[in-house]
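See structure below.
The values are calculated or read from the model by the stated rules, or taken from the named source; none is laboratory data. What you see is a predicted model; the values in this text were computed from it and never measured. Counting neighbours? That spans all protein chains shown, and the Cβs are built from the backbone with ideal geometry, glycine included. Heavy atoms of the whole protein, side chains included, go into the accessibility calculation; ligands, DNA and RNA do not. Shrake-Rupley method; radii C 1.70, N 1.55, O 1.52, S 1.80 Å.
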Amino acid sequence: MKLATYKNSTRDGKLMLVSRDLTKAVEVSDIAATMQNALDNWAQVRPALQNRSDELNANTIDSSVFDETLCESPLPRAYQWADGSAYVNHVELVRKARGAEIPASFWTDPLMYQGGSDDFIGPRDDVLLPSDEWGVDFEGEVAVVTDDVPMGVSAQNAGQHIKLLMLVNDVSLRGLIPGELAKGFGFFQSKPASVFSPVAVTPDELNTAWTNNKVHLPLVSHYNSALFGKPEAGEDMTFDFAQLVAHAAKSRNLGAGAVIGSGTVSNKQGTDHGSSIAEGGVGYSCIAEVRMIETIRDGKPSTPFMSFGDSIRIEMFDREGQSIFGAIDQIVKQS
């Protein structure tokens, strides 16, 4: 089942069912008005949504052409957005570039920060920022959406609370991060509004690509229309999504609609630091990794961060080449 949120005159938009091939859509306000409403009552509304989805895919009900430009992020705002760093290769690169060893605990206990969840950006909307001198970067990620998760849930049981999957552009302002982290109190100004894919999908839509609470497909990024990265999301993921959900719920309940991110998808590719598309590798999901590798190799970075007018497109395809979530496709512009 695939779900989207179309923009309307309200903050939370209107819930739409989308066909498996992303060509058709139908409003489902008679079942659930919004994505949050559906998640709040998931056990009750899922059967009706699934029946309507089956009819949509069988082309036995009236529908309209699905238009990704009409979409909000599936949850235009959420009660919880917590982003992990499940790909420890990404963390290791950042620390190695500044000559620091990675603590042993990073391999056994996930990193996670609480992001701003009151103002997500639509997947085809511009990323508006006051300045492009703050080290603007994209971060391609996968995220899950949960139902109500009880405090202290085990990793063995956390997977059953994962109801939807999405893609993420976790916009980062790299130039602001060092000063914030130096205060010892985490990210805030350096993490502006995040962006999610046009469509959220139930895990069963991925078939065997959803295994062991991981997505085993490449995450494809095009930066200024050029292929930038296609790392495999299921590889080098130190902590799976069930572990991330359990980590987030260690000392608190998670309400329905909680969004948990994977962190930047990153592959080692059989080396200490991977390689770019031009070098025959799978590339990267953020500019920061390229700059870290340049620092390791050359003593300093040479690739600039994003400037106003730059574009980023993030997408994932099934083994037959069909887009699964639709595309995050945006331009960075001055607010």
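The overall shape of the stretch 53-196, judged from the alpha-carbon gyration tensor, is oblate: a/c is not under 1.5, and a/b is no greater than b/c. The long axis of helix 287-298 is offset from the longest Cα principal axis of the chain by roughly 20 degrees. For the chain, the average shadow cast by the Cα convex hull is 16.6 nm², which is a quarter of the hull's surface. The amide H of VAL136, built 1.01 Å from its N in the peptide plane, has ARG174, MET306 as neighbours under 5 Å, considering only residues 5 or more places off or on other chains. The calculated FRET efficiency for ASP204 paired with GLU279, based on their beta-carbon distance and R0 = 41 Å, is about 0.65. For the stretch 218-231, backbone phi angles converted through the Karplus equation (6.51, -1.76, 1.60; θ = phi - 60°) give residue-by-residue couplings of x, 9, 9, 10, 10, 9, 6, 6, 9, 4, 10, x, 8, x Hz, Gly and Pro being listed as x. The slack in the chain from SER307 to THR211, taken as 0.36 nm per residue of separation less the alpha-carbon distance, amounts to 30.8 nm. Using the 1.4 Å probe convention, the accessible area of the stretch 163-269 works out to 36 Å² per residue with neighbouring protein chains retained. On the beta carbon distance between ILE296 and SER225, with R0 = 22 Å, the FRET formula returns roughly 0.20.
Rolling a 1.4 angstrom probe over the stretch 179-229 with all protein chains present gives an accessible area of which 57% lies on carbon and sulfur atoms.
Keeping the other protein chains in place, figure out the carbon and sulfur percent of the accessible area of the stretch 126-168, with a 1.4 Å probe. Carbon with sulfur: 47 percent of the solvent-accessible area. Computed over the stretch 219-273, the range of Cα coordinates on each principal axis works out to 41, 27, 13 Å, biggest value leading. Extension gain for ASP119-GLN160 works out to 12.0 nm (0.36 nm per residue, less the C-alpha to C-alpha distance).
The spacing between the stretch 1-30 and the stretch 75-121, judged by their C-alpha centroids, is 30 Å. The packing ranking of peptides 251-260, 162-171, 3-12, highest mean first, is 162-171, 251-260, 3-12, where packing means the average number of other beta carbon atoms within 10 angstrom of each residue. Computed over Cα pairs, the Kirkwood radius of the stretch 186-319 leads via Stokes-Einstein (1.306 mPa s, 10 °C) to a diffusion coefficient of 94 µm² per second.
Translational diffusion coefficient of the stretch 121-275 (Stokes-Einstein, Kirkwood radius from Cα pairs, 25 °C, 0.890 mPa s): 145 µm²/s. Reducing the stretch 311-330 and the stretch 153-199 to their Cα centroids gives an inter-centroid distance of 20 Å.
Sites listed here are trypsin sites (Lys or Arg not before Pro) in the stretch 91-147 whose DSSP assignment is loop and whose Cβ has at most 14 other Cβ atoms within 10 Å: ARG98. The alpha carbons of the stretch 1-134 give a radius of gyration and a Dmax of 19.6, 61 Å, in that order.
Here the ratio of the Cα radius of gyration of the stretch 107-151 to 2.2 N^0.38 Å is 1.59.
Per residue, the stretch 19-104 exposes 47 Å² of accessible surface when a 1.4 Å probe is rolled over the protein heavy atoms with every protein chain present. Residue-wise HN-Hα couplings along the stretch 86-92, as the Karplus relation 6.51 cos²θ - 1.76 cosθ + 1.60 with θ = phi - 60° gives them from phi, are 6, 9, 5, 4, 4, 5, 4 Hz; Gly and Pro carry x.
Applying 1/(1 + (r/R0)^6) with R0 = 22 Å to the Cβ-Cβ distance of ILE331 and SER131 gives a FRET efficiency near 0.90.
Model label sites at ASP109 and SER251, defined 7 Å from Cα along the beta-carbon direction, differ in position by 1.0 nm.
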